[in-house]
C-alpha cells in the first residue's frame, strides 16, 4: 500500500513539472526566437517480483515486473524553425536555419525529423546543427540567442533587449558609425551602406551539437565547452541565412500546448485521488482494524 502511495506521489511531482514546462511555453508564445521546451519523463527501474521464499529453489515462480513510479528527468529544447514576421525595422534580424548533414556511411543527407533529431540503425542520436546570434553579457561571457530584436544605443553599439552586446564574426562588439536603418544585410550577415561593404559582419555561430546548449532564460543559451558543442562561424551555402527587417516568432504549437496542459492537469488529479484513496485505506486500517 505504501508503495502505491509513493508511486502516486511521484506521478504528481512529474505532472506538476510537466505542467510548469507547458505553462512556460505558453507564456513565451509572443517571445521572438523562443524555442519550445519539452519535458521528458522516465520510469523508475523495474523490479522483478517472485513468490515469497528462496528464489534459488528450483520451484521458485516469477510473478512479473513491478514499476514503482515515474520522474521528470529533463527538459529538452525543441529547435524547429519558427515562422518569420516582417517588422520593417533595420535593427531586427532573423535566422533561417536548415543545415544539412551527410551520413558518413551513405553520403546522403540525413533525414532529420521535425525536432531536428535522427536516430540511425545503431541507435546513435544525431542532431541537426543550429545557428544563433553571438552576444556578450556584462561580464564578458559569450552567449547565443535566436532573438534578433536588437537596438542601437547612444554610443552606436548594437545591443539586445537584455542589454547584451551583439558580436561580429571576429568576436568583437559591433559599433556603428551611421544609423542602422541606412544599412543593409546580406544572407551571411555582412552589412552594407548604399551597396558598399562597411567591414562589419554579424556574428552568426553554428552549433553542431545543440544538445550541449544550456538554457539561461530570456531566449539566451550558453555552452559548458565550445569544443564539445562544435561551435563555428556560419559559412556560405550552408542552408542558413540572415534576414533583415524580420523576426523569428516562437515555435510553440499553441493548440498542442493547451492539450498537453489539460493532460497534465488530469493526470495530476488522478494521482491525487489515488493518494486520497490510500490515505482513507490506511485510516481504516489504523482506526478500525487496529482495534480488534
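The values are calculated or read from the model by the stated rules, or taken from the named source; none is laboratory data. It should be emphasised that the depicted structure is a prediction, and the values quoted were computed from it without experimental measurement. Positions of Cβ are generated from backbone atoms using ideal geometry, with glycine treated the same way; all protein chains shown enter the neighbour counts.
Yes or no, residue by residue, for (1) within 30 Å of residue 7 (Cβ to Cβ); (2) surrounded by 12 or more Cβ atoms within 10 Å (Cβ to Cβ); (3) under 18 Å from the mean Cα position of the chain (by Cα):
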| site | (1), (2), (3) |
| --- | --- |
| 219 | no, yes, yes |
| 247 | no, yes, no |
| 252 | no, yes, yes |
| 263 | yes, yes, no |
| 286 | yes, no, no |
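Scan the strands (runs of 3 or more DSSP E) fully inside the stretch 25-91 and keep the ones with 2 or more residues being farther than 30 Å from residue 8 by Cα and at pLDDT 80 or above.
Here the list reads 84-86.
Which residue out of 269, 227, 248, 238 is free of Cβ contacts under 8 Å to residues at least 12 places away in the same chain and either in the same structural domain as residue 146 (by TED's automatic domain parsing) or closer than 16 Å to residue 131 by Cα (or both)?
Going through 269, 227, 248, 238 in turn, just one is free of Cβ contacts under 8 Å to residues at least 12 places away in the same chain and either in the same structural domain as residue 146 (by TED's automatic domain parsing) or closer than 16 Å to residue 131 by Cα (or both): 227.
Among (1) assigned by TED's automatic domain parsing to the domain that holds residue 219; (2) surrounded by fewer than 18 Cβ atoms within 10 Å (Cβ to Cβ), there is one condition residue 256 misses while meeting the rest; what is its number?
The number of the failed condition is (1).
The rows are residues; the columns are (1) over 20 Å from residue 232 (Cα atoms); (2) in the same structural domain as residue 222 (by TED's automatic domain parsing); (3) surrounded by 16 or more Cβ atoms within 10 Å (Cβ to Cβ).
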site	(1), (2), (3)
88	yes, yes, no
91	yes, yes, yes
99	no, yes, yes
108	yes, yes, no
127	no, yes, yes
134	no, yes, yes
140	no, yes, no
150	yes, yes, yes
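In the stretch 221-230, how many residues are part of a strand (DSSP E or B) and surrounded by 21 or more Cβ atoms within 10 Å (Cβ to Cβ)? Even if it seems obvious, please write down each step before you answer.
First, pick out the residues of the stretch 221-230 that are part of a strand (DSSP E or B): 221-223.
From what is left, the residues that are surrounded by 21 or more Cβ atoms within 10 Å (Cβ to Cβ) are 221.
Qualifying residue count for the region: 1.
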